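This report concerns only the one structure given below.
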């Protein structure tokens, strides 16, 4: 997966009678083995929920790009698996693709360490200029400079850690994904 590619998810829901649960579980194992060799395949999760009126299978595929997901969806081997599962299903499967979910399937923002450092330095400089005068106005003159600086540093670190850095990273990730040529590896 290139540095700026955004993973896509495909969620498929099937309902079937409980007597087919063994066949469904066997098919799931076969699909997992086949998917391991597919270009761009990232992961697969299955959940079977047993209810009084049958079972429900929710399958989530993750691929590195929309193109690789479409390649899998149009492959003859996938059509064979889908045909077998459809034969066991009580009704038509629902399939919903989701794109642009990079931050849900990955805990890392798509920015470099150098970009993170630049963001941190920029926010430290901006907040220092904005908060310095505000802290001096709000605190009585009897508060020593050490405590003023400690309070200001604590506020800056908290704002950057919990609000500004995550928001800036998300913004930069989205901006980079939209730039021409950003999806190329």
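Provide 159, 179, 35 in ascending order of the number of other Cβ atoms located within 10 Å of each residue's Cβ, fewest first.
Listed from fewest to most nearby Cβ atoms, that is 179, 159, 35.
Work out the FRET efficiency for residue 137 and residue 158 from their Cβ-Cβ distance, taking R0 = 25 Å, and round it to the nearest 0.05. Before the final figure, lay out each step's value.
Details: r = 20 Å, r/R0 = 0.78.
Efficiency for this residue pair is about 0.80.
Among 72, 147, what is the fewest-to-most ranking by other Cβ atoms within 10 Å? Display every interim value, and only then the final one.
Values: 72 19, 147 12.
Going from least to most buried by this count: 147, 72.
Multiply the residue separation of residue 75 and residue 146 by 0.36 nm, subtract the distance between their alpha-carbon atoms, and state the gained length in nm to one decimal. The partial results should precede the final answer.
Working: separation 71, 0.36 × 71 = 25.56 nm, distance 6.64 nm.
My answer for the length gained is 18.9 nm.
In nanometres, what is the gap between the two model label sites at residue 32 and residue 176, each 7 Å from Cα along Cα-to-Cβ?
Once both label points are built, they end up 3.3 nm from each other.
When a/c is below 1.5 the answer is rounded, else prolate if a/b is larger than b/c, else oblate, so apply that to region 8-105 with a ≥ b ≥ c taken from the square roots of the Cα gyration tensor eigenvalues. Don't skip to the answer; put the middle values down first.
On the way: a/c = 2.04, a/b = 1.58, b/c = 1.29.
Prolate shape, in that a/c is at least 1.5 and a/b is the bigger ratio.
Taking other Cβ within 10 Å of each residue's Cβ, how do 16, 63, 146 sort, fewest first?
Details: 16 21, 63 27, 146 8.
Ascending number of Cβ neighbours within 10 Å: 146, 16, 63.
Each value in this text was obtained by applying a stated rule to the coordinates, not by laboratory testing. None of these values were measured; they are calculated from a predicted model. Every residue, glycine among them, receives a Cβ derived from its backbone with ideal geometry; neighbour counts consider all protein chains shown.
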